[in-house]
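Trainee: The structure's right below; bear with me while I get my questions together.
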Amino acid sequence: RRLVYVALVLSIGVSFAWGTIGIGISPSSFVPITGIIALMLAVGYMFVVWDRIPFASANLTTALAGVRDNLGLVGIAFFFQFLALVFSIYYSFTFVGLHDAMFNNDDGMELSRNAKIAIYSLLVISYYWTYQVFMHIVNVTVAGTIGSWWFDEPSALWPTFTQATYYNFGSICYGGLLVGFVQLLRQITEGLRPNRDESALMCLY
């Protein structure tokens, strides 16, 4: 619990220092403005979540206990972080090379504006999709492992990892393409959510 309190107060202190130093160094630039905005957001967020800190700290304590008993989760998380980094570097070179090829008309590559937009869109979707697949493999592995730990069963780390990367890999790929889009739609329509639980529109949430 103290860690959560310290993190909140530290974020406010950093935002305040950011704005103050910005005013001292360059008062006419955008730096102090962004510091003040960050400070306002941090203070507002603190007031919103302050009462929820005990519940969050209990969840954090439980999660840390589960990870401590299954340290292999840390290795898997770092492994997929490394894969994501390697893929990001590879993707950056691919994107730049394809961009240069299209705009320099290499190898007679003459494309219309709509075709270029379609290619860029597919590149963005492919990057997002791959990143989501990496993330959901880790999520499925963590969920299965912590689930077995919670019910005091033998560690299911490697069986769950095998299921995520082999038996259920297709489902994870399919979900990775759709879940992010559905979450975005839910965030957009959150303000339209009915206030009464008995409303028929609640089935959409």
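The values are calculated or read from the model by the stated rules, or taken from the named source; none is laboratory data. Just so we're clear, the structure is a prediction, and the values are computed from it rather than from any experiment. Methodologically, a virtual Cβ is constructed for each residue, glycine included, from the backbone with ideal geometry; neighbour enumeration extends over all protein chains shown. Side chains included, ligands, DNA and RNA excluded: accessible areas come from the protein's heavy atoms. Shrake-Rupley method; radii C 1.70, N 1.55, O 1.52, S 1.80 Å.
Trainee: With a/c under 1.5 counting as rounded, go ahead and sort the stretch 1-106 into rounded, prolate or oblate using the C-alpha gyration tensor (a ≥ b ≥ c being the square roots of the eigenvalues; past the cut-off, prolate if a/b is larger than b/c, else oblate).
Mentor: Details: a/c = 3.37, a/b = 1.17, b/c = 2.88.
Cα axes put the stretch 1-106 in the oblate bin.
Trainee: Which entry is the computed log10 I(q)/I(0) by the Debye sum over Cα atoms at q = 0.14, 0.15 Å⁻¹ for this structure: [x] -1.24, -1.25; [y] -0.81, -0.94; [z] -1.02, -1.07?
Mentor: [x]
Trainee: Taking only Cα atoms and a 10 Å spring cutoff, compute GNM fluctuations for the chain and point out the largest among Leu157, Leu64, Leu111.
Mentor: Judging by the Gaussian network model, the answer is Leu111.
Trainee: Using 0.36 nm per residue of separation minus the Cα-Cα distance, give me the extension gain between Thr165 and Thr61 in nm, one decimal.
Mentor: Working: separation 104, 0.36 × 104 = 37.44 nm, distance 2.85 nm.
Residue separation times 0.36 nm, minus the Cα-Cα distance, leaves 34.6 nm.
Trainee: Right, another one. Along the charge dipole of the chain, Cβ charges K/R +1 and D/E -1, which of Gly19, Thr189, Gly144 sits furthest on the positive end?
Mentor: Farthest along the dipole direction, towards plus: Gly19.
Trainee: Which value in deg cm²/dmol, rounded to the nearest 500, describes the helix-derived mean residue ellipticity at 222 nm for the chain, given -39,500 (n - 2.57) per DSSP H run of n ≥ 4 and division by the residue count?
Mentor: Numbers: 7 runs with 157 residues, N = 205.
Theoretical 222 nm ellipticity from helices: -27000 deg cm²/dmol.
Trainee: Could I ask something else about it? Using the heavy atoms of the protein chains and a 1.4 angstrom probe, tell me the accessible area per residue for the chain in square angstrom. Present the calculation step by step, with values, prior to reporting the outcome.
Mentor: Numbers: 14730 Å² over 205 residues.
Per residue, the chain has 72 Å² of solvent-accessible surface.
Trainee: A follow-up question, please. Bin all alpha-carbon pair distances of the stretch 72-154 at 5 Å intervals from 0 and give each bin's fraction as a whole percent.
Mentor: P(r) for the stretch 72-154, in whole percents per bin: 3, 13, 17, 16, 12, 10, 9, 7, 6, 4, 2, 2, 1.
Trainee: Run the dipole for the stretch 59-192 about the Cα centre, Lys and Arg Cβ at +1, Asp and Glu Cβ at -1, nothing else charged, and hand back the magnitude in debye, nearest 20. Don't skip to the end; give the middle numbers.
Mentor: Numbers: 4 positive and 8 negative charges, 40 e Å.
Using only the charged Cβ atoms, the result is roughly 200 debye.
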